[in-house]
Amino acid sequence: MEILLDTHFILWTLLTPAKLSPQARTLINDPLNEVVFSTASLWEIAIKRAVGSPGFQADPRILRSTMLSSSYIKLPVLGEHAVAIAGLPPIHKDPFDRLLIAQASVEGILFWTADRVVARCPGPIRLI
């Protein structure tokens, strides 16, 4: 199973794994699952770190390196993903979340989120 992690899941997985449920930890560590991270999440972390948003102090360069060395799959942002955003209902307005939802839908990857509003959007989304 391919699992696209929401930005908060990336931060929790790498920096505060105690925030993950036992189920999430098991699925992330299962070698049969491919854990995917989006370039959009790195962009979000970099921007929010630069403006001093709480919870986003992690260095995106280190996170990227750690994810790649942990065999996570990098998903680039493609024009097809950007265009797919136009077809999403206005349930969630955050541009990063909308892009991640679009990527999951276009690529057919299960998107994990802890955000109840995001989970109401159509697509392959699971509230964890």
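The values are calculated or read from the model by the stated rules, or taken from the named source; none is laboratory data. None of the values given here were measured: they were computed from a predicted structure. Glycine gets a Cβ as well: all are built from the backbone with ideal geometry, and neighbour counts include every protein chain shown.
Remarks
- Residue ID - surrounded by the most Cβ atoms within 10 Å (Cβ to Cβ), chosen from residues in region 108-128 that are in a helix (DSSP H, G or I) and in contact with a His (Cβ under 8 Å, 6 or more places away or on another chain): V118
- Matching entry among A82, A24 (being hydrophobic (A, V, I, L, M, F, W, C) and either more than 17 Å from P124 (Cα to Cα) or modelled with pLDDT of 95 or more (or both)): A82
- Members of region 83-105 that are surrounded by fewer than 17 Cβ atoms within 10 Å (Cβ to Cβ) and either hydroxyl-bearing (S, T, Y) or under 20 Å from T39 (Cβ atoms) (or both): V83, I85, A86, D94, P95
- When region 1-31 is filtered for residues that are among the hydrophobic types (A, V, I, L, M, F, W, C) and under 24 Å from V77 (Cβ atoms), the ones remaining, listed by number, are M1, I3, L4, L5, F9, I10, L11, W12, L14, L15, I28.
- Single unsatisfied condition, S65 versus (1) without any contact (Cβ under 8 Å) to a residue 12 or more places away in the chain; (2) within 24 Å of L15 (Cα to Cα); (3) of a type outside the set (A, V, I, L, M); (4) not in a helix (DSSP H, G or I): (4)
- Residues within region 45-62 that are out of contact with any Pro (no Cβ under 9 Å at 6 or more places or on another chain), in contact (Cβ under 8 Å) with a residue 12 or more places away in the chain and not small (G, A, S), tallied: 2
- In region 92-101, the qualifying residues are those that are more than 10 Å from the chain's Cα centre (by Cα) and under 18 Å from L127 (Cβ atoms), and the one that is modelled with the lowest pLDDT is H92.
- Flag for S71 being within 15 Å of E2 (Cβ to Cβ) and surrounded by 16 or more Cβ atoms within 10 Å (Cβ to Cβ): no
- Test result for W12, closer than 26 Å to P122 by Cα, aromatic (F, W, Y) and surrounded by fewer than 17 Cβ atoms within 10 Å (Cβ to Cβ): no
- Out of E34, E44, E2, one residue alone is among the charged types (D, E, K, R), surrounded by fewer than 18 Cβ atoms within 10 Å (Cβ to Cβ) and over 17 Å from S69 (Cα atoms). It is E2.
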